[in-house]
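Structure first, commentary second.
What follows is calculated from the coordinates using simple rules that are stated; it is not laboratory data. All values derive from a computational prediction rather than experimental measurement. Cβ atoms come from the backbone with ideal geometry, glycine included; neighbour counts cover every protein chain shown.
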Amino acid sequence: MKRRTLLKKTALAAASPLALGMFHSRRASAAAVRNKDVYTDGKFDVEKGKDAIMALCERLGYHIFPELRDGLWVSDYGTGQFDKLGLAAYSFANQSEGGAFMLMDLFLMPGQMLPEHWHLEGDHGITKNEGWAIRWGKSYVGGVGENNMADFPQIKIPKCHCNGTTTTHHVVEAKPGSFTPLAKVGTRHWQFAGPEGAILSEVANLHTGSAVRHSDKAVNDQFLGG
Ligand SMILES: [Fe+2]
């Protein structure tokens, strides 16, 4: 094939309605997860939860590597309302030897809340410090500071979380390209995903699961008991 013909075909393919349509439909299909799709006989179905997360990754363009699905931790924190509150995470690293560091990616469905929590001193005397780089979508990061919740009426704290409340009320609107650090080590924090959902990279010094505490008692009991 002549070079000019090849260039013409390539340009046509790139600008074809099919190619453009695929891009737009990927964005337009960012629907919130429906509980009926992730519960079996009233119980949260982890595999169905993973289906929803994999679809989110596909939709937002996250690179799906072979180990992703098996390595995903997915939970509704026992609330029975994964559409409103839950989290999926994939841990890449969490080590203390030779210098402590942690990296995990977090996946939030559209309009899904990550429950308010804080970190006590954990393994090796380390209290988790962390921050979030938004890769895709948008997340509202809640924590200590001046109450600016009135500026974000789109944030709906679900009833299943402290009867629709949080104890911290300062929100940072985190978008791709931004990095939002925890306001202060040891303080409470939470997140709420935007209408497309959110995929974030969380970096930290060290994560100790048993040192996590949640503001909602039922969520806390489920997390520590699970
Ligand atoms: Fe945290």
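Please give the per residue volume of the convex hull enclosing the alpha carbon atoms of the chain, rounded to a whole number of Å³. Please report the intermediate quantities before stating the final value.
Numbers: hull volume 37.7 nm³, N = 226.
In the chain, the Cα convex hull volume per residue is 167 Å³.
Given a cut-off of 24 Å, name the pairs among K84/K217; K159/K184; K43/K138; K43/K84; K50/K217 whose C-alpha atoms lie farther apart than that in the structure shown. Could you put the intermediate results ahead of the total?
Numbers: K84/K217 17 Å; K159/K184 27 Å; K43/K138 29 Å; K43/K84 15 Å; K50/K217 26 Å.
Cα-Cα > 24 Å for K159/K184; K43/K138; K50/K217; rest within.
Compute the signed sum of charges (Lys and Arg +1, Asp and Glu -1) over the other residues within less than 14 Å, Cβ to Cβ, of Q222.
Details: positive: K43, R213, K217; negative: D76, D216, D221.
Here the count lands on 0.
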| query | For region 3-225, what's the relative contact order in percent, using C-alpha pairs closer than 8 Å and at least 6 residues apart? | reply | 24 percent
| field | Packing-based order for 129-142, 202-215, using average beta carbon neighbours within 10 Å, highest first | value | 129-142, 202-215
| said: Taking the alpha-carbon distance from K128 and a cut-off under 13 Å, which aspartates and glutamates remain once sequence neighbours fewer than 8 residues away in the same chain are dropped? | reply: E202
| task | Arrange the peptides 159-167, 80-88 so that the one whose residues have, on average, the most other Cβ atoms within 10 Å appears first. | result | 80-88, 159-167
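Using helices alone, what [θ] at 222 nm do you get for the chain, with -39,500 (n - 2.57) per DSSP H run of 4 or more residues, divided over all residues and rounded to the nearest 500? Write out the running numbers ahead of the final one.
Details: 5 runs with 53 residues, N = 226.
That comes out to -7000 deg cm²/dmol.
Which net charge results for the neighbourhood of A93, defined as the other residues with beta-carbon distances under 12 angstrom from its beta-carbon, given Lys and Arg at +1 and Asp and Glu at -1? Each step should come with its number before you reach the end.
On the way: positive: none; negative: E97, D105, E202.
Summing Lys/Arg as +1 and Asp/Glu as -1 gives -3.
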